[in-house]
Amino acid sequence: KQEVTQIPAALSVPEGENLVLNCSFTDSAIYNLQWFRQDPGKGLTSLLLIQSSQREQTSGRLNASLDKSSGRSTLYIAASQPGDSATYLCAVRLNQAGTALIFGKGTTLSVSS
Amino acid sequence: SQTIHQWPATLVQPVGSPLSLECTVEGTSNPNLYWYRQAAGRGLQLLFYSVGIGQISSEVPQNLSASRPQDRQFILSSKKLLLSDSGFYLCAWITGNTEAFFGQGTRLTVV
């Protein structure tokens, strides 16, 4: 059974720091991996999608990497800002059929000004 | 553009009352549709998914049911709510190999 783990569970940093969020999964046979952001009481906003054949994806200050063989992904946030404060969720999709995303419990990030 | 609508945003219901949450998507056809629940301190739990009209798969046996009467409509229901049904309910869709998109969620409190 696929399990997704995110470390750390919470992280506090001062504004301007670069930081890395970690995601690991137990079964390397994934279809793709997606990073989301969730603000308190809100739905999930997609940040980056990495297909199983890709190694990384970038969007602005965000960079996500994928090492499928070792079951790991990282989300790198450059020059963090208070507006980055949120919970970041990692999810893996097993195949293209109807099976859904399996989520980690998230990392709650707090960026202080 | 592709959008997903969920309503209501918040709901307070007494124990034993029925429930109906609706999710509709626009700008896509034949999506895979999903209902998730997020309880305090826990991750997102997949409740139901659907790959087409009338096709529902249940991941967790419980007090809830789902239906897909139209291609872009997904409904979560209960005949009698329990206290343990409280949580944040999220609808999502995926088409092909694209990213998953989520609605803004419904906060359900059963009292």
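The values are calculated or read from the model by the stated rules, or taken from the named source; none is laboratory data. Just so it is clear, the structure is predicted and the values come from calculations on it, not from any experiment. Glycine gets a Cβ as well: all are built from the backbone with ideal geometry, and neighbour counts include every protein chain shown.
When restricted to residues that are more than 14 Å from the chain's Cα centre (by Cα) and within 15 Å of residue A:7 (Cβ to Cβ), the range A:63-83 contains 1. Scanning the range B:46-62 for residues that are touching a Lys or Arg at 6+ places or on another chain (Cβ under 6 Å), more than 13 Å from residue A:99 (Cβ to Cβ) and surrounded by 16 or more Cβ atoms within 10 Å (Cβ to Cβ) turns up just one, B:47. Name the single residue, out of those in the range A:19-66 being closer than 15 Å to residue A:107 by Cβ and not in a strand (DSSP E or B), that is modelled with the lowest pLDDT. For the range A:19-66, the residue satisfying everything is A:40. The residues of the range B:25-42 that are crowded, with 18+ Cβ neighbours inside 10 Å and in contact with a strand residue (DSSP E or B) (Cβ under 6 Å, 6 or more places away or on another chain), listed by number, are B:25, B:31, B:32, B:33, B:34, B:35, B:36, B:37, B:38.
State the number of residues belonging to the range A:73-113 that are touching a residue at least 40 places away in the same chain (Cβ under 8 Å) and closer than 20 Å to residue B:43 by Cβ. Residues that pass the stated criteria total 22.
Look at the range B:89-111 and say how many of its residues are in contact with a Lys or Arg (Cβ under 8 Å, 6 or more places away or on another chain) and either surrounded by fewer than 20 Cβ atoms within 10 Å (Cβ to Cβ) or at the interface with chain A (Cβ under 8 Å from one of its Cβ atoms) (or both). Residues that pass the stated criteria total 5. With respect to the conditions (1) over 12 Å from the mean Cα position of the chain (by Cα); (2) hydroxyl-bearing (Ser, Thr, Tyr); (3) more than 14 Å from chain B (Cβ to nearest Cβ), residue A:99 lacks only one, and its number is (3). Between B:51, B:15, B:25, B:60, the distinction of being more than 9 Å from every other protein chain (Cβ to nearest Cβ) and not in a loop (DSSP other than H, G, I, E, B) belongs to B:25 only.
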